[in-house]
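Each remark here refers to the structure printed beneath this line.
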Amino acid sequence: MPDQLQVFDLAEVNSAIAATEFAGSIKYFSTVSSTNDLAREAVQSGARHGVWIAGEQTAGRGRGGHTWHSAAGEGLYMTALIAPPIPMQSALRLSLRVAIAVQSAIAATCGFRIRDQIDIRWPNDLLLNGKKCGGILIETASTPAAPPLPPMLRYAILGIGINLNHTTFPPGLDPIATSLRRELPDPSQPLRREPLAAAILIALDQEIRRLTSRNLQPATSNFRDLTQFSSWLKGKRVRVEARDGDPGYTGTTAGLDPQGFLLVRGEDGQLHTILTGGIREP
């Protein structure tokens with residue numbers, strides 16, 4: 001494997017993100033069990049901010065306990081720890097907001113078109129030309145408040161995994177997974193991780209600021225049509241996966257509710273709110 005896939009220029013990334021809340025807080029490791037585990041350990045020591053990036057994860061995982069194929073040096077595996085002053089109700093929107101930040105960063109660094117090529121499958125999957133190229137795993141904790149004040153977000157651990165330079169995948173993943181490099185017009189040259197890592201942190205900083213300001217202003221002053229980022233949010237025929245004893249069903253996506261949960265109108269005409277689980281094409 002080329003040396004450039006093994007070396008990570010931390011100074012380059014720190015220079016690029018100097019104007020963000022993440023400046024100077026990045027730690028890089030060649031191999032770890034999981035960057036989310038490192039963030040969780042930092043939280044237990046009192047930290048509320050930080051970024052951990054790894055060249056390889058030996059125990060990476062995705063949403064619902066799924067494993068994440070973390071080949072050494074070929075992907076970008078990172079976790080950001082944040083603690084914006086927002087109610088827990090607003091924190092429910094984090095998965096999609098983080099996905100939008102990652103999508104924006106991929107588009108900026110690789111030239112893929114937002115939604116047409118780099119799409120978001122609610123709430124946390126990044127699809128590139130119809131195949132999964134990245135995923136997000138978020139863990140949150142709240143701080144209780146005396147009524148009528150709402151519980152507030154104590155911290156959020158934002159785990160991000162991107163298939164960057166993979167040229168092959170295990171047989172079970174190859175039909176449904178891809179990498180940024182595989183989808184480029186010329187996939188012969190490997191992609192550096194540093195530009196994408198910096199772009200993600202810059203876009204993430206912007207999304208966090210936008211989410212925080214939304215809680216300080218009338219909702220109408222900060223409205224964004226999120227369907228511009230994802231073809232899966234409205235008018236998409238999907239199958240909702242069975243979860244926690246509830247049977248799966250098919251229907252058509254009907255946008256988001258005020259809390260950021262996906263609405264799906266089932267074939268029986270009933271409007272469902274998807275609180276957990278994932279969606280797929282039928």
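The values are calculated or read from the model by the stated rules, or taken from the named source; none is laboratory data. Here the structure is a predicted model, which is why all the values come from computation and not from measurement. Every residue, glycine among them, receives a Cβ derived from its backbone with ideal geometry; neighbour counts consider all protein chains shown. When the accessible area is computed, the model is the full protein with side chains, heavy atoms only, and any ligands, DNA or RNA have been set aside. Shrake-Rupley method; radii C 1.70, N 1.55, O 1.52, S 1.80 Å.
Details
- Amide H contacts under 5 Å for Ile17: none, restricted to partners 5 or more places along the chain or on a different chain, H placed in the peptide plane at 1.01 Å from N.
- For the chain, the share of accessible area belonging to carbon and sulfur comes to 52 percent (1.4 Å probe, ligands and nucleic acids excluded).
- Selected from Ser104, Ser213, Ser45 as most flexible by GNM, with the chain as the system and alpha-carbon contacts under 10 Å: Ser45
- Computed over the chain: relative contact order in percent, which uses C-alpha pairs under 8 Å that are six or more apart: 17
- Partners for Lys27 among aspartates and glutamates (Cα-Cα distance below 19 Å; same-chain residues under 8 apart left out): Asp9, Glu12, Asp37, Glu41, Glu56, Glu74, Glu194, Asp205
- Ignoring lysines fewer than eight residues from Lys236 along the same chain, the ones with Cα atoms less than 25 angstrom from its Cα are Lys131, Lys132.
- Rounded accessible area per residue of the chain, 1.4 Å, Å²: 46
- Three-way shape label, the chain, alpha-carbon gyration tensor, a/c 1.5: oblate
- Karplus-derived HN-Hα couplings along segment 142-157 (A = 6.51, B = -1.76, C = 1.60, θ = phi - 60°), whole Hz, x at Gly and Pro: 10, 10, x, 9, 6, x, x, 5, x, x, 10, 5, 7, 6, 9, 9
- Rounded if a/c under 1.5, otherwise prolate or oblate - segment 27-170, Cα gyration tensor axes: oblate
- Database remark: amide H of Phe29 closer than 5 angstrom to the amide H of Ile53, Ala54, Gly55 (H placed geometrically; neighbours at sequence offset of 5 or more, or on other chains; Pro and chain starts carry no H).
- Karplus-derived HN-Hα couplings along segment 270-281 (A = 6.51, B = -1.76, C = 1.60, θ = phi - 60°), whole Hz, x at Gly and Pro: 6, 8, 9, 9, 8, 8, 9, x, x, 10, 9, 6
- Rounded to the nearest whole Hz, the Karplus-based 3J(HN,Hα) values (6.51 cos²θ - 1.76 cosθ + 1.60, θ = phi - 60°) of segment 183-196 follow the sequence 9, 6, x, 10, x, 6, 9, x, 9, 7, 7, 4, x, 5, with x at glycine and proline.
- For Ile138, residues with placed amide H under 5 Å, excluding near neighbours: Gly159
- Given the chain, longest segment not containing exposed loop trypsin sites (Lys or Arg not before Pro) (DSSP; at most 13 other Cβ within 10 Å): 114-223
- When the chain is treated as a Gaussian network with alpha carbon springs shorter than 10 Å, the biggest mean-square fluctuation among Gly46, Gly260, Gly251 belongs to Gly46.
- Structure-based [θ]222 nm, the chain - -39500 (n - 2.57) summed over DSSP H runs of at least 4, per residue, nearest 500: -6500 deg cm²/dmol
- Highest-fluctuation residue, Leu262, Leu128, Leu271 considered, GNM on the chain with Cα pairs under 10 Å: Leu271
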